[in-house]
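Here the structure comes first, spelled out in structure tokens, and everything after it is commentary.
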Amino acid sequence: MAERFAGKVVVITGASTGIGAAAARLFALEGAAVVLAARGADALERLASDIGSSGGKASAFPADVTDRAACERMLAHAKATFGGVDVLVNNAGANRRGPIGDLTADDLVFVLQVNLIAPIVLTRLALPYLRERGSGAIVNVASIAGMIPVDHEAVYSATKFGLRAFSFALVEDSIVMQNVEVGRHAIVRRAIVDKNVRIEEGAQIGVDPAEDRRRFHVSAGGVVVVGKGEVVAA
């Protein structure tokens, strides 16, 4: 089997579970060296060991994406360990569900920091590494909640709308990005990149809100679970 990412280095945040872990396994299977970042050190070490046992290359780097210094060290670790950074996957996410009036200020700030501020900061920090390699890619993992607001998830939805806007703006920012590509379509195409939902093969969203709501079964309980991280990561 051809290894499409042979020689490439991929940094994945939120890599300990769900989409992040599934993506890490797939990137490694395709020949990439993966740097696994998340707060859960034990889960990262187990995943890195599993990938290594399967013949892949992986390095666990426990980090909190809301800590800029930790993010800087993570990227430096990727270069020191594997020679650089070719792909950044901003996958780490957080949520605090409930009516906005019931959430604390700390809840609001935390979700904003993890889901929106961290990807923006990491993108800025990663650009020198990507340019050093001559090209690269940034994948921002969004959610159906960034296209269809979900009740009791106002802040989460706001961050995912914001992440989509940031991604689209970067695509247009050719002077800044140069040869770096942004995965602005990652939230549509084959599957919504959200650990709680998958859509039908080839389905398109954002055209008919009523049809979107029917398809994704949005309810007071959120989105019905119909897929797993492995499906979405593929």
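Observations on the structure shown:
- Selection from region 31-75 of residues that are touching a residue at least 12 places away in the same chain (Cβ under 8 Å), polar (S, T, N, Q) and farther than 22 Å from Ala126 by Cα: Ser54
- Some residue of region 84-105 being closer than 24 Å to Tyr156 by Cβ, over 16 Å from the mean Cα position of the chain (by Cα) and hydroxyl-bearing (Ser, Thr, Tyr): yes
- Tally of residues being small (Gly, Ala, Ser), under 21 Å from Tyr129 (Cβ atoms) and touching a strand residue (DSSP E or B) at 6+ places or on another chain (Cβ under 7 Å) across region 1-37: 9
- Top-ranked residue in region 1-30 [being of a type in the set (Ser, Thr, Tyr) and crowded, with 18+ Cβ neighbours inside 10 Å; ranked as farthest from Thr123 (Cα to Cα)]: Ser16
- Only one of the listed residues (Val65, Val34, Val85) is of a type in the set (A, V, I, L, M) and more than 23 Å from Ala6 (Cα to Cα). That residue is Val65.
- Subset of region 133-166 [in contact with a Gly (Cβ under 6 Å, 6 or more places away or on another chain), charged (D, E, K, R) and in contact (Cβ under 8 Å) with a residue 40 or more places away in the chain]: Arg133, Lys160
- Matching residues, region 80-97, being outside any strand (DSSP E or B) and touching a strand residue (DSSP E or B) at 6+ places or on another chain (Cβ under 8 Å): Thr81, Phe82, Gly83, Gly84, Val85, Asp86, Asn91, Ala92, Arg97
- Single condition Arg124 does not satisfy, out of (1) at pLDDT 90 or above; (2) buried (at least 22 other Cβ atoms within 10 Å of the Cβ): (2)
- Restricting Leu116, Leu103 to those that are out of contact with any strand residue (DSSP E or B) (no Cβ under 6 Å at 6 or more places or on another chain), surrounded by fewer than 24 Cβ atoms within 10 Å (Cβ to Cβ) and under 17 Å from Asn140 (Cα atoms) reduces the list to Leu116.
The values are calculated or read from the model by the stated rules, or taken from the named source; none is laboratory data. These figures come from a predicted structure and were not determined experimentally. Every residue, glycine among them, receives a Cβ derived from its backbone with ideal geometry; neighbour counts consider all protein chains shown.
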